[in-house]
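All of the numbers you see were taken from the coordinates with simple rules; none came from a lab. Note that the coordinates shown come from a computational prediction; the quantities given were computed from them, not determined experimentally. Methodologically, a virtual Cβ is constructed for each residue, glycine included, from the backbone with ideal geometry; neighbour enumeration extends over all protein chains shown.
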Amino acid sequence: MSSVATSEANTAFPIPANVFAETVTAVKHYTDRLFSFRMTRPQSFRFRSGEFVMIGLPNAEKPVYRAYSIASPAWDEELEFFSIKVPGGPLTEHLQKIKVGDTVLMRKKPTGTLVHDALLPGKRLFLFSTGTGIAPFASVIRDPETYEKFEQVILTQTCRENAELNYGRELVENTRNDELMSEFVGDKLLFHASATREGETRGHRVTTLIENGKLFSDLGIEPLNPETDRAMICGSMAMLREIEGLLQARGFEEGANNKPGTYVVERAFVD
Ligand code: A2P
């Protein structure tokens, strides 16, 4: 049978067994490459901030699933995702067209390494991201546990263009001003955003800014220190490798769910 690809919940195909079928409640487009969406959350669905799930559309007999970080915090009654639009991408070509009321499929088991359980206790938490790599951190910075565990939370995002940083800017602003979260966040949350291909931050990849110290001087904080700092990394393979190299050179060690360390990486999204 040939697959019919539409943006609508497609009743021509049955919902596969053992997946949640949820309803889209909001869609927001940031650029021609980026959008976020929210959908209903199954009552029985539990996850840890920073985890990801497999997402698909009911537009084929065997839907294509891709790993998506849950961007919303565990206390949110809905689920939020932040997605790239890949031209010709088997899922995102269709997912980018979803509208409020459409159905999105979600496999039942969340997983991932960007979780508090995989990190040893520390004083400062660094969250390094490029592009949609900010998504798991959108969950982590909206989790009260993050501020109970750390004295300071430093979120960084590097994107090519300025407009791609708007999701993160809104996220940080809303988190600081949120009625529930502001009490936990106070002035603990710092955000460093750089567009590498335009404006005054041109060329300012986060890796460069760590090496030349500008990240720390811009924010008025001390450089990285494995004694006090913990880090999570989410971005392209090239970025993961480089940040890992910088952290390891400074004495950081990778952690996992069964063996907490001083930094963690999510490799589920890189090809
Ligand atoms: P640049 O504009 O200098 O390539 P991409 O869309 O290619 O994944 O890139 C997203 C962002 O991540 C861009 O700002 C890009 O910078 C940056 N980037 C790419 N590779 C690395 C890397 N190895 N370390 C840090 N940032 C990177």
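Structural remarks
- Spin-label pair Lys259-Asn174: with each label point 7 Å from Cα along the Cα-Cβ axis, the two points sit 3.9 nm from one another.
- Two-decimal log10 I(q)/I(0) for the chain, as the Debye equation yields it once each C-alpha is a single scatterer, q = 0.11, 0.17 Å⁻¹: -0.61, -1.37
- CD proxy at 222 nm, helix term only [per DSSP H run n ≥ 4: -39500 (n - 2.57); per residue of the chain; nearest 500]: -5500 deg cm²/dmol
- Segment 168-246 and segment 57-131 have Cα centres lying 21 Å from one another.
- Most simply put, the chain has about 50% antiparallel DSSP beta bridges, counting only bridges with both residues inside it.
- Listed pairs Lys28/Lys62; Lys85/Lys123; Lys99/Lys259; Lys85/Lys149; Lys62/Lys259; Lys99/Lys188 exceeding 32 Å between Cα atoms: Lys85/Lys123; Lys99/Lys259; Lys85/Lys149; Lys62/Lys259; Lys99/Lys188
- ³J(HN,Hα), Karplus 6.51/-1.76/1.60, whole Hz, each residue of segment 219-228, x for Gly, Pro: 8, x, 10, 6, x, 4, 9, x, 5, 10
- Ranked by the mean number of other Cβ atoms within 10 Å of their residues, highest first, the peptides 256-265, 13-22 fall in the order 256-265, 13-22.
- GluC sites (Glu not before Pro) restricted to DSSP loop in segment 148-238 with at most 13 other C-beta within 10 Å: Glu151, Glu179, Glu198, Glu227
- Close amide H pairs (under 5 Å, H built 1.01 Å from N) link Gly261 with Leu119, Leu120, Gly255, Ala256, residues at least 5 positions away or on another chain.
- Cα→Cβ-extended label distance, 7 Å offset, between Val100 and Asp218, nm: 3.6
- Span from the segment 36-56 Cα centroid across to the segment 137-157 one, whole angstrom: 19
- Which of Leu246, Leu95, Leu219, Leu180 has the fewest Cβ neighbours within 10 Å, and the rest in rising order: Leu180, Leu219, Leu246, Leu95
- Phi to ³J(HN,Hα) by Karplus 6.51 cos²θ - 1.76 cosθ + 1.60 over segment 74-85, Hz, x for Gly, Pro: 4, 7, 6, 7, 10, 10, 10, 9, 10, 10, 8, 10
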